[in-house]
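Quick notes on the structure that follows.
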Amino acid sequence: MRMLLQASIDTEISNRMITDGKMPEVLEQLLGLLKPEASYFYALHGRRGFTMVVDLPDEASLITMIEPLWVQLGADIEVVPCVNADELRTGLGRLAAQG
């Protein structure tokens, strides 16, 4: 299931991680765990933030996906299901077929 994950990282935690030189390691671990098909990093509500598009094998995987963000980064997180253009076309075709 494709999900859009948006997170803003706690500033104090991220400042400490940057000062300690741990931020690159944590982000690489996160990217390795989530294996996003796309990821973007930017300022969000005055904090460090990012958006990733990730594919989850099942709903229970949501727990293992977001827990490290809360624990390691103190992140505020939003996760929503999303579809690509081909999936949207398929879904709209199904609607049309239902009449």
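What follows is calculated from the coordinates using simple rules that are stated; it is not laboratory data. Model, not experiment: these values are computed from the prediction. Note that each Cβ is placed from the backbone with ideal geometry, even for glycine, and that neighbours are counted across all protein chains shown.
May I ask for the longest run of the chain untouched by GluC sites (Glu not before Pro) that are loop-located per DSSP and have at most 13 neighbouring C-beta atoms (other than their own) within 10 Å?
Values: sites that count: GLU37, GLU59.
Segment 60-99 is the longest.
In whole Hz, what ³J(HN,Hα) sequence does the range 46-52 give by Karplus (6.51, -1.76, 1.60; θ = phi - 60°), x for Gly and Pro?
x, 10, 6, x, 7, 10, 9
Relative to the first principal axis of the alpha-carbon coordinates of the chain, what is the inclination of helix 61-73, with its axis defined by its Cα atoms, in degrees from 0 to 90 and to the nearest 10?
20
Compute the acute angle (0 to 90°) between the alpha-carbon long axis of helix 85-98 and the principal axis of greatest extent of the alpha-carbon atoms of the chain; round to the nearest 10°.
Taking the Cα atoms of the chain, the angle to 85-98 is about 30 degrees.
What are the residues whose amide H is under 5 Å from the amide H of ARG48, where those residues sit 5 or more places off or on another chain and H is modelled from the backbone?
Here ILE9 satisfy the definition.
Near the amide H of ARG2, under 5 Å away, which other amide H atoms are found, from residues 5 or more places off or on another chain, if H is placed in the peptide plane?
LEU56, CYS82
Enumerate the calculated ³J(HN,Hα) couplings along the range 22-31 in order (Karplus 6.51 cos²θ - 1.76 cosθ + 1.60, θ = phi - 60°), each rounded to whole Hz, writing x wherever the residue is Gly or Pro.
So the J values, rounded to whole Hz, are 9, 4, x, 5, 5, 5, 5, 4, 4, 5.
For volume of the Cα convex hull per residue in Å³, pick the label among (1) 127; (2) 107; (3) 95 that corresponds to the value derived from the coordinates.
Entry (2).
Based only on other Cβ atoms within 10 Å, what is the fewest-to-most ordering of LEU4, LEU34, LEU92?
Working: LEU4 15, LEU34 22, LEU92 10.
Ranking LEU4, LEU34, LEU92 by Cβ neighbours within 10 Å, fewest first, gives LEU92, LEU4, LEU34.
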